[in-house]
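Taking it in order: structure first as structure tokens, then the write-up.
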Amino acid sequence: DYCGTDNTKFAIVYENATGQKLVAKIGTIGAGDAITYGTAVDVTAAISNNTQPVIKFHPKKSNLIGVFWGDENGVFFKCGTVSGTDITWNETGQSAAMAAEAGCNGGQGATFFDWDPLHTTTNRAVLSYQWTISEGDKTSKIIACTCGDDGTSITFGSEVDIHTASNQAPSTQFTLTMSPTTEGKGLVSYKLNDSGGGKNPAMKIFTVSG
């Protein structure tokens, strides 16, 4: 993800093949095609069954960064600060509903989030995920949270189902985007793979208050 206030800086997150944990780095783009990376920082300890993680700078506060993922211990949102190319993680948040997803199979789910760029009273993020424990529990969900400027004091709202279907498996093709023109409005899109092998794209517009 590119930094919204510095177009020479970006963040990446990936799974470390040797340690089976998620790590993040800050990169900078210099003259020509020169890219320089800072030191890799652990996001998690060793995990399994994780989704593809998503990392994003806050669009208006270049020192605030968040990363969202799911693994065998549930779904997590971690926030921290960036100084130069150094990341300092300050808090890992997990609502009761996100903790209840422990035991899920990340290989059959997806996680995505976006900051709300027009919400000025707090730093608000909206998180969405598709997750599966069994054939009877394959639900798309969304939840909002806020944090302080230093990435601490993560507070969650109430989780809401985007979609429920016992006969459809969630796809890893899943996105969420907050509006750049209307505070609290966003679009979530996803694709469901039905039991007959069909592909069913869908999208919903939502609003967030509080």
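Odds and ends about this structure:
- Selection status of residue 146, open to solvent by 20 Å² or more (accessible area, probe 1.4 Å), touching a Ser or Thr at 6+ places or on another chain (Cβ under 8 Å), within 29 Å of residue 87 (Cβ to Cβ) and modelled with pLDDT under 85: no
- For the range 111-131, a residue qualifies if it is among the polar types (S, T, N, Q) and either surrounded by 22 or more Cβ atoms within 10 Å (Cβ to Cβ) or under 8 Å from the mean Cα position of the chain (by Cα) (or both), and the qualifying residues are 111, 123, 128, 130.
- Listed by position, the strands (runs of 3 or more DSSP E) enclosed by the range 1-89 that each have at least 2 residues that are touching a Pro at 6+ places or on another chain (Cβ under 9 Å) and open to solvent by less than 20 Å² (accessible area, probe 1.4 Å) are 21-29, 64-71.
- The one condition from (1) part of a loop (DSSP other than H, G, I, E, B); (2) surrounded by 15 or more Cβ atoms within 10 Å (Cβ to Cβ); (3) among the aliphatic types (A, V, I, L, M) that residue 97 does not meet is (1).
- Of all residues in the range 167-198 being over 21 Å from residue 54 (Cα atoms) and modelled with pLDDT of 65 or more, the one that is nearest to the chain's Cα centre (by Cα): 183
The values are calculated or read from the model by the stated rules, or taken from the named source; none is laboratory data. This is a predicted model, so every value here is computed, not measured. A quick note on method: Cβ atoms are made from the backbone with ideal geometry, for glycine too, and the neighbour counts reach across all protein chains shown. When the accessible area is computed, the model is the full protein with side chains, heavy atoms only, and any ligands, DNA or RNA have been set aside. Shrake-Rupley method; radii C 1.70, N 1.55, O 1.52, S 1.80 Å.
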